[in-house]
Amino acid sequence: MIKARTALAGTHFDMGNWACAEGAIAAGCNFVAGYPITPASEVANYMAKRLPQVGGIFLQTEDEIAAICSVIGASWAGCRALTVTSGPGISLMQENIGFAVSTETPIVIIDVQRLGPSTGVPSIGMAGDIVQVARGSHGDYQIIALCPESPQEMFDLTIRAFNIAETYRVPVFLMADGFIGHMREQIIIPPADQIDLVERRVPTVADPMKRQDFLDIGVAPMPVFGKGLQAHVTSSCHDEHGMRNLTEPAVMHRYVMNPIQKILTHRDQIVEVREDYVNADLVLVTYGTVSRSARAAARLARNQGLRVGTLRLITCWPFPEEAIRKAASRVNNLLVLENNSGQLYPYIRAEAAHASRVEFLGPQFLGQIHDPNAILEKVKEMLA
Amino acid sequence: MNATVHPLRKYARPHVTRTTTCPGCGNGIATQAILRAIEELDLRMDDFVFVSGIGCSAWIPSPFFAADTLHTTHGRPVAFATGVKLGLPEKHVMVVSGDGDLTAIGGNHLIHAARRNIGLTVVLMNNGIYGMTGGQTAPTTPRGISTVTSPYGSLEHSFDIAPMIVSAGAAYVARWTTHHPRQLTKAIKKGLTKKGFALIEVVTQCPVQFGRASKLGGAVEILKHFKSNSVRIEKARKMDPAELLGKIVVGEFVDIEKPELSSEWTRLIHSMREGRQ
Ligand SMILES: Cc1ncc(C[n+]2csc(CCOP(=O)(O)OP(=O)(O)O)c2C)c(N)n1
Ligand code: SF4
Ligand SMILES: [Mg+2]
């Protein structure tokens, strides 16, 4: 662990997108590439001004494909690199998100989600990308995605995203949305010496044929460019040395499975949830912005004598199946709240339906924040 | 026993004992031109990062060259290389890829890198076809030629890459054919010493796919075609367009000085640091 070099320590009142940008600065981010898009633009705009002040570079690319590619290139050049966009940009990035997964490249991708499909509504938040970030690139892989519920968490979880990216050599998503991206709230930034950062491990042996650079479930040190390490990096099927191998089935198997296992075997260290459902008869299962409505609804319910708890998934990927199973084994009713048509609902049901009743509730109008009273109505119906 | 070792073998990864190119392919000539340029400039492989896309030409550095090598997705090497160069401005970042990779799927990145004048040396292998995927029409395929995706003859016009990249803003652009290995080596050397975006377009033979589609024949016939149809740019400038139909204009298309992006960033960051003190 090293300590952050810079942080605007103090209490601030600002947007989630601002908090995200300052979180990245505190995490030592020194390369950002992006293409303008609502409701994510403020992160890029602010970074364009802020990064050069701390010795970093902001590149406005010709499209989101170039953004993700240059960020991966910069990471291999030794930078802590980030790109920021919204759903349409994620769609364009997907092929090269797979490249980052396959080449085990640490990068952070901020998705300030908006209402879709397609161009949809730029300024309205929705949790429409929660499955596409995990399943949108072709082939088979696992992803890590964190879901903030407030501007404060856009700061905290951006730092955590960088730390996870460096620890496991993976791309990490921060799944914000237009609501918390644009919401202004109190943000407390601790002094730099209280922010722990994970340092990148780099190998010392000069010959790649005598090192393991890839496919290590325990995470191989990263042979970054420019140090005479003669790294060979390809997203085509490769062996432990990074050398292309398009003929051996055993290598193909490891090429797909080891990066998956790298994440799954560290699931316990990666997954973070908030559980508040002791003695509850019903638990509201949420992630991201909707968690705020869920807490308000649980309070309303308890005031009326209903035993309602909450389970918030801070990590949505890898999927926190253990936490879901635990809730299902202790509580008879699970109500899943999502600002979409029910994207994580099938995943949650698959883990919980054997042990408890699982239902879904979207907001009255997609893209609008759940009304706590509407949640309460549904709770009463389930507990009746 | 004293085995004869190729003088450029020292630039290759020791464990790589063969290349993937077909016999007669122009990729071998370009490989030698690149490595000779590096040798003649007395550069070390540790001074380089090689970036390539997807295609036969993209396999020129990957995994052959004993240097940091980033083999990327189809069409994107210039975008990846832009991030590498901004992160390692003191290194030579060389992109080696095909005409389909760099001007079809990746055309946008190429013109924007030229516009930014970022210090990349791009060796673009123009064989007029998609070699790797089996001879489909490329944006560089001459009009009228029948390929597997234009079986009745291509109805489309082709790109004239070198002047296009001049218009996009490159500091150095040259075009040579594989029949001009010495001039090609010299152009790559110039590209490597140029502070700015350098494109070296290599008009090259794919005897397997293009040879068949164009009915030009094998490697030797295509090379002879290059020889008899190449016109120096100085001479071409005095010819009228009708005379130039079907000709390959070779030489230096531009060689200018203008601010390079990665050093401009270094300068900006430096001046902001000074300003704070
Ligand atoms: C996104 C994507 N689309 C298509 C392909 C298939 N593909 C592989 S190589 C290639 C064409 C390569 O042509 P060129 O760049 O001219 O290289 P050459 O083989 O001629 O040297 C294509 C279309 C791919 N790998 N990725
Ligand atoms: S298919 Fe054509 S371009 Fe590809 S290696 Fe063979 S000859 Fe060269
Ligand atoms: Mg080609």
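The values are calculated or read from the model by the stated rules, or taken from the named source; none is laboratory data. From a predicted model like this one, the values you see are computed outputs, not experimental measurements. With ideal geometry, Cβ positions are generated from the backbone for all residues, glycine too; neighbour counts draw on all protein chains shown. For accessibility, only protein heavy atoms count, side chains too; no ligands or nucleic acids. Shrake-Rupley method; radii C 1.70, N 1.55, O 1.52, S 1.80 Å.
If you go through the stretch A:5-57 and keep only what is assigned to a loop (DSSP other than H, G, I, E, B), on the phi < 0 side of the Ramachandran plot and open to solvent by 10 Å² or more (accessible area, probe 1.4 Å), you end up with A:Arg5, A:Thr6, A:Ala7, A:Leu8, A:Ala9, A:Asn30, A:Tyr35, A:Pro36, A:Ile37, A:Thr38.
When A:Gly226 is tested against the conditions (1) in contact (Cβ under 8 Å) with a residue 60 or more places away in the chain; (2) more than 14 Å from chain B (Cβ to nearest Cβ); (3) not hydrophobic (A, V, I, L, M, F, W, C), the lone failure is (2). May I ask you to list the residues in the stretch A:239-258 that are among the acidic types (Asp, Glu) and either within 14 Å of another protein chain (Cβ to nearest Cβ) or part of a strand (DSSP E or B) (or both)? Selection gives A:Asp239, A:Glu240.
When B:Val78, B:Val122, B:Val96 are checked against the criterion of being open to solvent by less than 40 Å² (accessible area, probe 1.4 Å), within 16 Å of the chain's Cα centre (by Cα) and within 13 Å of chain A (Cβ to nearest Cβ), a single residue qualifies: B:Val78.
Given the structure, is B:Leu102 assigned to a helix (DSSP H, G or I), more than 9 Å from every other protein chain (Cβ to nearest Cβ), within 16 Å of ligand 3 (Cβ to nearest atom) and out of contact with any Gly (no Cβ under 6 Å at 6 or more places or on another chain)?
yes
Taken over the stretch A:351-369, the residue count meeting the criterion of being open to solvent by less than 80 Å² (accessible area, probe 1.4 Å) and within 22 Å of the chain's Cα centre (by Cα) is 3.
Of the listed requirements (1) crowded, with 17+ Cβ neighbours inside 10 Å; (2) within 24 Å of B:His74 (Cα to Cα); (3) more than 16 Å from ligand 1 (Cβ to nearest atom), B:Thr185 misses just one: (2). Within the stretch A:253-264, the set of residues being over 19 Å from A:Ile324 (Cβ atoms) and either touching a helix residue (DSSP H, G or I) at 6+ places or on another chain (Cβ under 8 Å) or not assigned by TED's automatic domain parsing to the domain that holds A:Val219 (or both) comprises A:Tyr255, A:Pro259, A:Lys262. Among the residues of the stretch B:1-46, those identified as within 16 Å of ligand 2 (Cβ to nearest atom) and either closer than 18 Å to B:Lys91 by Cβ or part of a helix (DSSP H, G or I) (or both) are B:Asn27, B:Gly28, B:Ile29, B:Ala30, B:Thr31, B:Gln32, B:Ala33, B:Ile34.
Pairs are defined by a Cβ separation below 6 Å, a sequence spacing of at least 6 or placement on different chains, a first member in the stretch B:52-70 that is without any contact (Cβ under 8 Å) to a residue 24 or more places away in the chain and facing another protein chain (nearest Cβ under 10 Å), and a second member that is within 16 Å of ligand 3 (Cβ to nearest atom) and β-branched (Val, Ile, Thr); no pair meets this definition. Scanning the stretch B:114-145 for residues that are within 10 Å of ligand 1 (Cβ to nearest atom) and either touching a helix residue (DSSP H, G or I) at 6+ places or on another chain (Cβ under 7 Å) or assigned to a strand (DSSP E or B) (or both) turns up B:Leu124, B:Met125, B:Asn126, B:Asn127, B:Gly128, B:Ile129, B:Tyr130, B:Gly135, B:Gln136, B:Ala138, B:Pro139, B:Thr140. Annotation for the stretch B:74-93: no member residue is within 16 Å of ligand 1 (Cβ to nearest atom), part of a strand (DSSP E or B) and touching a residue at least 24 places away in the same chain (Cβ under 8 Å).
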